[in-house]
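J.: Questions regarding the structure given below will be posed in turn.
Bear in mind these aren't lab numbers, they're just calculated from the coordinates by the rules spelled out. Source: prediction; values computed, not measured. When we count neighbours, we look across all protein chains shown, and the Cβ atoms used for this are built from the backbone with ideal geometry, even at glycine.
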Ligand SMILES: [Zn+2]
């Protein structure tokens with residue numbers, strides 16, 4: 001082949017373009033890595049913290065069963081209050097009978113539960129559902145909050161009926177950290193995506209409201225072992241709020257054959273391949289979680 005100066009110039013130009021683009025890509029990756037732990041909630045969902053963790057709120061003593069609700073005259077007729085529902089001032093702690101499911105777990109407040117409740121309030125102000133959650137990642141050695149995630153109910157925004165605040169928080173924290181187990185995050189875990197100086201850390205969750213059964217299960221599947229919530233399931237069920245889990249709790253404790261009372265038809269099918277996946281799983285090189 002004869003030497004062609006034009007072809008050589010073109011080849012040289014191509015090499016330069018490829019080299020420059022590779023360098024730019026590398027730099028943008030490096031910048032992303034350097035900035036990864038500085039991500040704000042809006043951009044990267046979590047917020048670095050590094051401040052002492054005061055721990056969960058202190059337990060309250062004595063009988064804290066307060067009146068079911070107290071209408072607040074000041075809230076009636078306020079602009080935006082189109083429905084005139086009474087303003088509730090105290091958590092409802094039972095359904096009007098003697099059972100008191102919160103006996104022994106009633107606690108005071110701290111920054112994190114207030115933050116979760118503030119997220120719920122902001123969510124409503126921005127057209128979302130009235131629920132918020134915060135996950136804090138705590139350094140086991142120094143008891144510092146390494147970072148935290150704030151989340152809101154995203155059901156209407158995402159058109160996702162499972163996008164409750166707690167589920168969304170668990171998804172964000174697990175995805176950002178790169179781990180399934182938020183109860184014990186190990187520095188030497190090769191999957192860990194975010195830096196931590198301590199050997200182990202763990203996450204705790206604060207929810208503006210008592211989690212529904214789905215969120216409760218999500219929290220437990222994530223191996224989170226500390227849950228602090230504010231409003232009760234009874235608060236969520238009052239007229240005007242209308243997010244009642246009460247029937248769901250009852251449904252879960254009802255035999256399957258009777259669940260038609262709740263509008264669910266459920267069947268256990270006998271099919272020759274129902275155990276194939278389990279049998280394969282048992283003997284696979286599996287990623288356990
Ligand atoms: Zn939920």
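J.: What full-extension length gain, to one decimal in nm, is calculated for residue 267 and residue 214 as 0.36 nm per residue of separation minus the Cα-Cα distance?
T.: Contour length minus Cα-Cα distance gives 17.0 nm.
J.: Express in nm, to one decimal, how much length is gained between residue 95 and residue 162 on full extension, taking 0.36 nm for each residue of separation and deducting their alpha carbon distance.
T.: 21.5 nm
J.: Another question about this same structure. Could you tell me which of rounded, prolate or oblate describes region 184-289, using a ≥ b ≥ c as the square roots of the eigenvalues of the alpha-carbon gyration tensor, with rounded for a/c under 1.5 and, failing that, prolate when a/b is larger than b/c and oblate otherwise?
T.: Judged from the Cα gyration tensor, region 184-289 comes out oblate (a/c at least 1.5, b/c at or above a/b).
J.: Tell me, 286, 47 in order of fewest to most beta-carbon neighbours within 10 Å?
T.: 286, 47
J.: Which shape class applies to region 87-193: rounded if a/c is under 1.5, otherwise prolate when a/b exceeds b/c and oblate if not, where a ≥ b ≥ c are the square roots of the Cα gyration tensor eigenvalues?
T.: Judged from the Cα gyration tensor, region 87-193 comes out oblate (a/c at least 1.5, b/c at or above a/b).
J.: Would you please give the FRET efficiency between residue 103 and residue 198, computed as 1/(1 + (r/R0)^6) with r the Cβ-Cβ distance and R0 = 45 Å, to the nearest 0.05?
T.: Efficiency, from the Cβ-Cβ distance: 0.80.
J.: While we're here: Using 1/(1 + (r/R0)^6) with R0 = 22 angstrom and r between the beta carbons of residue 111 and residue 288, what's the FRET efficiency to the nearest 0.05?
T.: After rounding to 0.05, the efficiency reads 0.05.
J.: Provide the gained length on full extension for the span residue 61 to residue 187, in nm with one decimal, where the gain is 0.36 nm per separating residue minus the Cα-Cα distance.
T.: 41.5 nm
J.: What ranking, highest mean first, results for peptides 250-256, 128-134 when packing means the other Cβ atoms within 10 Å averaged over each residue?
T.: Ranked from most to least packed, the peptides come out as 128-134, 250-256.
J.: Which order, highest average first, do 51-61, 149-159, 264-274 follow once you tally other Cβ atoms within 10 Å for each residue and take the mean per peptide?
T.: 149-159, 51-61, 264-274
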